[in-house]
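Visitor: Before we start, here is the structure in question, set down as structure tokens.
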Amino acid sequence: MRRLTALATLVLLFAAAACTGDGGTDDPTGQGDSSSEAPAPTAPLELALTPPNGFTADTTGADREIFFSEDHVTYTFFVAGAEGGLDRIMVTSYLLNPDADTSKYESQAALVTDYFKQLDQAISLDNFYPTLVHREDGIYRYGEKVINEVEVKWQDHFVFAGQYLINITCMWDSHYGQVNTACAELTSSFPFPEEWTAASPAA
């Protein structure tokens, strides 16, 4: 009889330990501290990018002339042998203002349209389409502009996640084939960082 009582006591002790979990902290909901939220981002995302095949990384600090936000970092890759020219791929990581509405496609498109108004380019502002950048929903735009008497063409890919924005611009003057191939490879396998995944609505 004493042995049965001892066994019963052990069972109760193990049951009590299982209810309190590691460290013996009671959590009647079983959900942990669900009230805590991820802290608001304070800087644009750093990206782990390497030059596409046939391209070289810029070492001069080339940047865009017009920005979505001053809080940004730009990565530029030139067609090898044409460094400093207009044949390039630029990837800019932005931290947008906290009040920027990026919750829906329509609001994202409005931000993109406002940005394109500043570029003084020749294509209709209504010329934008949904796109995918490595399985992430985004917006595609095409642009044309004359720079120093040279007609430059480019395609833009805009991808939003909360306050984060990544803008991939593939621009060409005389090396369309190389730029287009590299752009397709980059957008199909873009290395989004973990912070992006955490901020994405799909996460």
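Laboratory data are not the source of any read-out in this text; all were calculated from the coordinates shown. All of these numbers come straight from a predicted model, not from anything done at the bench. Backbone-built Cβ (ideal geometry, glycine too); neighbour counts: all protein chains shown.
Visitor: Quick check on packing: order 174-185, 71-82 by the mean number of other C-beta atoms within 10 Å, highest mean leading.
Guide: 71-82, 174-185
Visitor: For segment 86-190, what does the alpha-carbon gyration tensor say about shape, rounded, prolate or oblate, given a ≥ b ≥ c as the root eigenvalues, a/c under 1.5 as rounded, and a/b over b/c as prolate?
Guide: Oblate shape, in that a/c is at least 1.5 and b/c is the bigger or equal ratio.
Visitor: Taking 0.36 nm per residue of separation and subtracting the Cα-Cα distance, what length does fully extending residue 80 through residue 40 add?
Guide: Here the segment from residue 80 to residue 40 would lengthen by 10.5 nm.
Visitor: Shifting gears a bit: How much net charge surrounds residue 107 when only other residues with a Cβ under 15 Å from its Cβ are counted (Lys, Arg +1; Asp, Glu -1)?
Guide: Residues near residue 107 contribute -4 overall.
Visitor: Mind ordering 102-114, 147-159 by average Cβ neighbours within 10 Å, highest first?
Guide: 147-159, 102-114
Visitor: Find the centroid of the Cα atoms in segment 154-199 and in segment 56-111, then give the distance between the two in whole Å.
Guide: 9 Å
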